[in-house]
Amino acid sequence: MSSAAKKRAKRATPRGPSRSPVGILPEPSLALFPSKAELLKLVAIVAIAASVAVACNYAAALFNRRPKPFCDSGRDPLDPVPDFCERCPDHGQCHNGKLECLHGYKKHGRICIEDRMINQTAKKLAELLERIVCGSYARVLCGEAGKYWFQEEDIRKIIDEEMIKEFTGLKDDGLEFAKSKAMEFADSFLEARVIFNGNKEFKCPELLAELHKPLSCCIRQWIYRNIFLVVTVFVLLAGLLYFLWTMRQRRALSNRAEQLYQQVCEILEDTAMRIKMEKQEGESWVVASWLRDHLLLPRERKDTILWKKVEELILEDSRIDQYPKLIKGESKIVLEWQADGSLSSNIKRMGLVDKAKASGRTTISSDHGMRSVLGEPQVT
């Protein structure tokens, strides 16, 4: 083969794919780009950092900012407040941008609040003043010595005396303010009038003075106002008590008379039965006056009604005979038991017989039971 043919054969031979210059570098990896979760975390971190930066900036501006000065007092409250100052708070006095609280108030931040100790002192002073002034007027209303109009100097003197006795923990300016506050309280609840020299006089209102009256005075005045009702109730109560006492005395008298009557019956019965059983010669009667002096106590002998009750019971008893008898030349009323036998002794005797019969039956039945148990013949 010729050289020309070889060249044509080389040209006709197909060549492989040609490589470009870019194909020399490797393809980028997927791990090179952040994932969606990582992007969300990044956004959250950036947001938190921005919030912290804004908060720090605001705090620094807040702490570094100076408060506005107070506007001077004396401005019209209806006037608009300038931007360079702040309105003076209530109960305060402002000058050159500074705040000073009035008496009775203390500074709390940028406001003035009430001084509790001074106000409590003023209220206690007012209560003591009310007690003294109204108590004096109450004594006058009860008819006792006292006065009810007090001059302003007297009121101040009372306040000074009570301040010395009760309140010593305040400073001088606090004491003066408490006094003035107490005078304001007094002026609010006391009646006032202006006398000829221009001074004031104070008096406790009558309704308030009524509350300061002592209990004994209230009771006494109520009795005076309702004397007819009180007398009526007293009479009714006295009558009721007298009726109850009389009924009690009558019941006690009746019980005592029945007790003495029983003793008289026992003495007469025993005397008659003793003479009859012993078959002795003697009298079964008993002198009524001797029996009375024997049975009655010394303090009961003065009460004639008691023995009359006993005599009435004796007269109603058919077993007792009552008749006059001449004894040692003097006529006496004697009492004698006329019943044949003693009713009480018969009842006792019947009770003993019943008991004996019952015990006899018990003995016989027990004897029969023992014989039947032992197998012995029973005796009929």
Item checked: Estimated vicinal HN-Hα couplings, Hz - segment 208-218 in sequence order (Karplus 6.51, -1.76, 1.60; Gly, Pro = x) -> 6, 5, 4, 6, 9, 6, x, 5, 4, 5, 4
Margin query: Tell me the relative contact order for segment 255-346 as a rounded percent, counting alpha carbon contacts under 8 Å between residues six or more apart.
Written below: 34
Next item on the list: Would you mind checking the pairs Lys68/Lys179; Lys106/Lys179; Lys157/Lys203; Lys157/Lys200 and listing those with alpha carbons more than 26 angstrom apart?
Entry: Lys68/Lys179
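Taking 0.36 nm per intervening residue step and subtracting the Cα-Cα distance, what contour gain separates Met117 from Ile275 on full extension? Before the final figure, lay out each step's value.
Working: separation 158, 0.36 × 158 = 56.88 nm, distance 10.41 nm.
46.5 nm is the gain from fully extending Met117 to Ile275.
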Check: Can you give the three extents of the C-alpha atoms in segment 116-222 along their principal axes, from longest to shortest, in whole Å?
Finding: 48, 35, 20
Next item on the list: Tell me the label-point distance for the pair Lys107, Asn197, using the 7 Å Cα-to-Cβ offset, in nm and rounded to one decimal.
Entry: 4.4
Note to self: Just to be sure I understand the model, the point goes 7 Å from the Cα along the line to the Cβ. What's the resulting Glu152 to Leu229 distance in nm?
What the structure shows: 4.5
Notebook entry, point to check: Whole-Hz Karplus ³J(HN,Hα) for segment 126-139, in order, using 6.51 cos²θ - 1.76 cosθ + 1.60 and θ = phi - 60°, x for Gly and Pro?
Noted result: 5, 5, 5, 5, 4, 5, 6, 5, 6, x, 5, 5, 5, 5
Notebook entry, point to check: Which cross-chain or sequence-distant (5 or more) residues have an amide H under 5 Å from the amide H of Leu102, H modelled 1.01 Å from N in plane?
Noted result: Gly92, Gln93
Next item on the list: Work out the charge dipole of segment 255-346 with +1 on the Cβ of Lys and Arg and -1 on the Cβ of Asp and Glu about the Cα centre, then indicate which of Ile305, Leu260, Ala272 is farthest towards its positive end.
Entry: Ile305
Check: If each of Gln322 and Ala53 carries a label point 7 Å out from its Cα toward its Cβ, how far apart are those two points in nm?
Finding: 13.5
Notebook entry, point to check: Which of rounded, prolate, oblate describes segment 255-346, given a ≥ b ≥ c as roots of the alpha-carbon gyration tensor eigenvalues and a/c under 1.5 marking rounded, otherwise prolate only if a/b is larger than b/c?
Noted result: oblate
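If R0 is 51 Å, what FRET efficiency do you get for Trp290 and Ala238 from their C-beta distance, rounded to 0.05?
Working: r = 42 Å, r/R0 = 0.83.
The calculated FRET efficiency here is 0.75.
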Notebook entry, point to check: Within a Cβ distance under 15 Å of Arg220, other residues only, what is the Lys/Arg minus Asp/Glu net charge?
Noted result: +1
Notebook entry, point to check: How big, on average over all directions, is the shadow cast by the Cα convex hull of segment 248-293, in nm²?
Noted result: 3.5
Next item on the list: On each of the three principal axes of the Cα atoms of segment 172-287, give max minus min coordinate, whole Å, ordered largest first.
Entry: 118, 39, 19
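We did not get these values from a lab; they are worked out from the coordinates using the rules stated. Keep in mind that this is a model prediction, so the values were computed, not measured. Positions of Cβ are backbone-derived with ideal geometry, glycine not excepted, and every protein chain shown enters the neighbour counts.
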